[in-house]
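Here the structure comes first, spelled out in structure tokens, and everything after it is commentary.
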Amino acid sequence: MRTWKVMDWCQANVGGAWAKDGIWEYIQTIIILNNDIPAVVCPKDTLVMTMDCHYADVVLPDLKVDSSSCGGKYTITNNSPYSTSKGANASGRYPVGVTKVSYIIQYGCGSKKYCEFYITVRGGKAPTPICISELAIGLMGMDSNKDGINDLGMVSIWAKDLNLKSEPNCGYGQLTFSFSPDSLVMSKTFTCDDLGINQVKMYVKDQGGNQSYCQVRVDVQNNGAKIENCVRKTTEIRCR
């Protein structure tokens with residue numbers, strides 16, 4: 001801010017003393033703005049695993065800001081309810097679940113920028129799988145050529161049918177059962193190729209994404225169906 005004074009000497013110096021008459025003042029306000037958006041390296045979404053069922057200590061790096069913008073004058077705050085400090089570092093003790101965190105960068109030249117990211121804390125205690133130890137299932141016969149004799153057979157089982165009393169940890173509630181660790185495969189089909197004893201893994205996953213598995217002995221039988229030429233598929237090893 002600048003204060004300008006304009007004086008008319010003919011009016012201001014009457015009687016040998018300075019008078020208010022003949023002097024005019026004006027305050028000039030100079031505002032300097034920088035419309036360029038300063039460069040900020042926003043944090044990436046963070047995933048933290050914990051063996052605690054409730055909280056995890058999350059350690060984050062300081063937010064990096066281009067200090068060359070706006071003469072290097074800026075302030076950083078964060079809105080996380082769980083951060084130890086409310087400045088350029090949102091580290092703190094976070095609960096299990098997902099928390100949205102925002103950094104607010106206020107520059108001295110008037111520019112403002114926001115950085116938003118998510119902190120996910122996942123309880124690391126996998127559910128306790130308790131499955132039946134063994135299951136005997138009979139193939140269902142199929143007559144593919146309509147000659148009255150079963151020449152094919154198959155049977156399907158559900159992953160949940162192998163569960164006995166699996167228990168979730170950390171109170172994650174409902175469990176899902178699958179024959180695959182990577183996707184939800186709820187059923188598995190057996191044919192004559194699987195006749196006899198099969199070791200099957202059944203995966204138990206909680207709503208927090210934690211999983212473990214148990215192994216079940218599945219005995220595929222050809223009894224009532226009386227399927228002809230129903231034999232287990234063997235892998236032939238050839239020497240080269």
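We did not get these values from a lab; they are worked out from the coordinates using the rules stated. Quick caveat: nothing in here was measured; it's all calculated off a predicted structure. In this analysis, Cβ positions are derived from the backbone assuming ideal geometry, glycine residues included, and neighbour counts consider all displayed protein chains.
Side notes on the structure shown:
- Shape call, region 111-153: gyration tensor on alpha carbons, a/c limit 1.5: oblate
- One quarter of the surface of the convex hull around the alpha-carbon atoms of region 115-240 equals 13.8 nm², the direction-averaged projected area.
- Amide H contacts under 5 Å for LEU135, placed H, 5+ residues apart: ARG217, VAL218, ASP219
- Whole-percent pair-distance distribution, where bins are 10 Å wide, for the alpha carbons of region 40-123: 18, 48, 24, 9, 2
- Each of PRO81, CYS109, SER91 was scored by the projection of its Cα onto the charge dipole of region 40-123, and the greatest displacement toward the positive side belongs to CYS109; charges sit on the C-beta of Lys, Arg, Asp and Glu.
- Rounded to whole Hz, the Karplus (6.51, -1.76, 1.60) HN-Hα couplings of region 53-61, x for glycine and proline: 7, 10, 9, 8, 7, 9, 10, 10, x
- Cβ charges +1 (Lys, Arg) and -1 (Asp, Glu), total dipole of the chain, debye: 500 debye
- Tail fraction, Cα-Cα pairs, the chain, threshold 30 Å, whole percent: 62 percent
- In terms of overall dimensions, the C-alpha atoms belonging to region 81-162 reach 89, 31, 12 Å along their principal axes, ordered largest to smallest.
- Over the chain: helical MRE at 222 nm, DSSP H runs n ≥ 4 each giving -39500 (n - 2.57), nearest 500: 0 deg cm²/dmol
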